[in-house]
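Visitor: After the structure tokens below, expect a handful of questions from me.
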Amino acid sequence: MGGQLQSSFHTIVIGAGPGGLACATALARSGKEVLLLERQQEVGAKVCAGGVTWAGLCSRLPEDLIEKSFRQQHVFSPSQHAVVRARDPIISTVDRRKLGEWMLAQARAAGVTVMTATRALGVADGSLETSAGRFGWRHLVGADGNSSLVRRALGLPCERVGTGINCMVPGDFAHMEWHLENRLFRHGYAWIFPHRGAASVGAYAARQGARPRDLLACLPEWAKQRGIDLRGAKIQAALINFDYRGWRFGNMFLVGDAAGLASGLTGEGIYPAILSGETAAATILDKDYRSPKMERLIRKQQLHARFLRLLRGSLSCRLAMEAFVFALRTGMVGFRALEMGD
Ligand SMILES: Cc1cc2nc3c(=O)[nH]c(=O)nc-3n(C[C@H](O)[C@H](O)[C@H](O)COP(=O)(O)OP(=O)(O)OC[C@H]3O[C@@H](n4cnc5c(N)ncnc54)[C@H](O)[C@@H]3O)c2cc1C
């Protein structure tokens with residue numbers, strides 16, 4: 001890697017997803033010079049169901065960003081239906097593009113230098129090669145999602161990933177639904193997450209034991225049984241990394257999906273991305289910073305990963321899912337068990 005440095009920054013953040021935006025904004029608000037790189041032309045577009053939990057994020061978002069909110073969650077197994085109720089909304093939905101635009105406006109207002117349509121190509125000690133030239137850094141943050149360049153540069157493998165499939169279906173959907181259909185989705189699930197005038201209909205499962213093409217084949221069949229026709233709909237898929245192996249590596253940091261902080265059990269990754277982005281920023285500003293919230297998030301992420309390993313056998317998985325729905329129905333466990341927030 002050679003060539004003159006275009007310019008140097010206190011911190012370069014790669015990736016303008018929620019993790020990168022949160023990190024860059026927090027640093028710039030403290031007066032640091034931050035470059036945020038995004039390979040896409042526009043910030044925010046992402047294959048996602050847009051579900052945010054009350055415990056994680058909902059309560060921090062402005063009302064006009066919330067599409068719909070649900071105080072009830074409907075969880076189905078092949079033989080049971082649990083309805084979980086709470087005083088506050090358990091989950092709300094957001095449009096990822098609007099969430100990205102809102103966070104981008106905050107980043108710009110804080111003074112972050114944002115370069116879109118710019119791809120990070122190679123990491124060297126103190127410099128970064130990009131499609132727009134070479135830039136210097138004192139701190140580098142990999143917020144570059146499930147195929148993170150920074151993670152690869154750190155030599156970390158990415159073995160535990162899930163596949164998420166999403167499809168936006170027009171219509172007015174009343175309930176937020178989770179379907180633990182082991183026959184079709186193995187240790188994963190299918191969902192209906194209503195938005196304004198549409199719903200995200202999709203499925204998620206860890207890749208070990210559930211092949212992406214099987215999920216893709218099963219989703220339309222399952223949707224048809226629920227009276228939802230996916231013929232002609234745009235079905236999109238993306239990976240979710242939950243192979244967490246650390247987030248702090250000297251003056252290099254990983255956040256969100258790049259760090260593998262999403263839940264392997266549910267695929268929830270927006271809140272982990274934002275919390276880890278903010279924590280990375282606070283740690284860059286003060287190397288002795290400790291975040292009990294981040295520590296709890298990591299413990300929960302690891303718990304979800306362990307639980308997922310227990311679900312591997314198909315009979316034990318079916319039984320465990322039935323037991324879980326029974327426990328929800330009878331109030332023995334709360335919905336919080338599935339959420340990454342605390
Ligand atoms: C189908 C599906 C449904 C989901 N539903 C939910 C949900 O309901 N709720 C939830 O909490 N989570 C959900 N997730 C997970 C969630 O979308 C991710 O965990 C979250 O977006 C992670 O945020 P991030 O900032 O770490 O990464 P991302 O949002 O993936 O952002 C990474 C950014 O980095 C950019 N980038 C990558 N490489 C480079 C490069 N070399 N140079 C420059 N830029 C680069 C990318 O273009 C991207 O914009 C879902 C995921 C899928 C696939």
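Since every read-out is calculated from the coordinates, none of them should be taken as a lab result. Please read all numbers here as calculations on a predicted model, not as lab measurements. Neighbour counts are summed over all protein chains in view; Cβ atoms, including those assigned to glycine, are modelled from backbone coordinates with ideal geometry.
Visitor: Could I have the simple spin-label model distance between Ser7 and Lys98, label points 7 Å from Cα toward Cβ, reported in nm to one decimal?
Guide: My value for the distance between the label points is 3.3 nm.
Visitor: Taking 41 Å as R0, compute the FRET efficiency from the Cβ-Cβ separation of Ala233 and Ala109 and round it to 0.05.
Guide: Efficiency for this residue pair is about 0.65.
Visitor: Still on this structure, I have one more. Among Thr330, Thr53, Thr113, determine the one that fluctuates most according to a GNM of the chain built with springs between C-alpha atoms less than 10 Å apart.
Guide: Between Thr330, Thr53, Thr113, it is Thr330 that shows the largest mean-square fluctuation.
Visitor: Only Cα pairs within less than 10 Å get springs; with that Gaussian network setup on the chain, which residue of Gly15, Gly162, Gly56 has the largest fluctuation?
Guide: Gly56
Visitor: So between Asp88 and Gln72, what do we pick up on full extension, going 0.36 nm a residue minus the alpha carbon distance?
Guide: Full extension from Asp88 to Gln72 adds 4.8 nm.
Visitor: Please go through the stretch 127-225 and write out the trypsin sites (Lys or Arg not before Pro) that DSSP classes as loop and that have at most 11 other C-beta atoms within 10 Å. The partial results should precede the final answer.
Guide: Numbers: sites: Arg134, Arg138, Arg151, Arg152, Arg160, Arg183, Arg186, Arg196, Arg207, Arg213, Lys224; in loops: Arg160, Arg186, Arg196, Arg207.
Those satisfying the criteria are Arg196.
Visitor: So which chymotrypsin sites (Phe, Trp or Tyr not before Pro) in the stretch 208-295 are both in a DSSP loop and have at most 16 other Cβ atoms within 10 Å of their Cβ?
Guide: Within the stretch 208-295, the qualifying chymotrypsin sites (Phe, Trp or Tyr not before Pro) (loop, at most 16 other Cβ atoms within 10 Å) are Tyr289.
Visitor: Let me ask something additional. Could you compute the FRET efficiency for Arg306 and Ala217, with r as their C-beta to C-beta distance and R0 at 25 Å, rounded to 0.05?
Guide: It comes out at approximately 0.30.
Visitor: Something else about it: Which one, Gly142, Gly50, Gly126, has the greatest fluctuation when you compute a Gaussian network model over the chain with C-alpha springs under 10 angstrom?
Guide: In this elastic network of the chain, the residue with the biggest mean-square fluctuation among Gly142, Gly50, Gly126 is Gly126.
Visitor: While we're looking at this one, here's another question. If you average the C-alpha positions of the stretch 162-227 and of the stretch 1-44 separately, how far apart do those two centres end up, in angstrom?
Guide: If you average the Cα positions of each part, the centres end up 34 Å apart.
Visitor: Charges on Cβ only, +1 for Lys and Arg, -1 for Asp and Glu, centred on the Cα centroid of the chain; of Leu254, Leu215, Cys317, which one is farthest towards the dipole's positive end?
Guide: Result: Cys317.
Visitor: Here's another thing I want to ask about it. For Arg329 and Arg119, what is the calculated FRET efficiency with R₀ set at 45 Å and r taken between the beta-carbons, to the nearest 0.05?
Guide: On the way: r = 48 Å, r/R0 = 1.08.
Once the sixth-power term is evaluated, E becomes 0.40.
Visitor: Report, for the chain, the % of DSSP beta bridges that are antiparallel, rounded to 5.
Guide: Taking every DSSP beta bridge within the chain, about 70 percent pair in antiparallel fashion.
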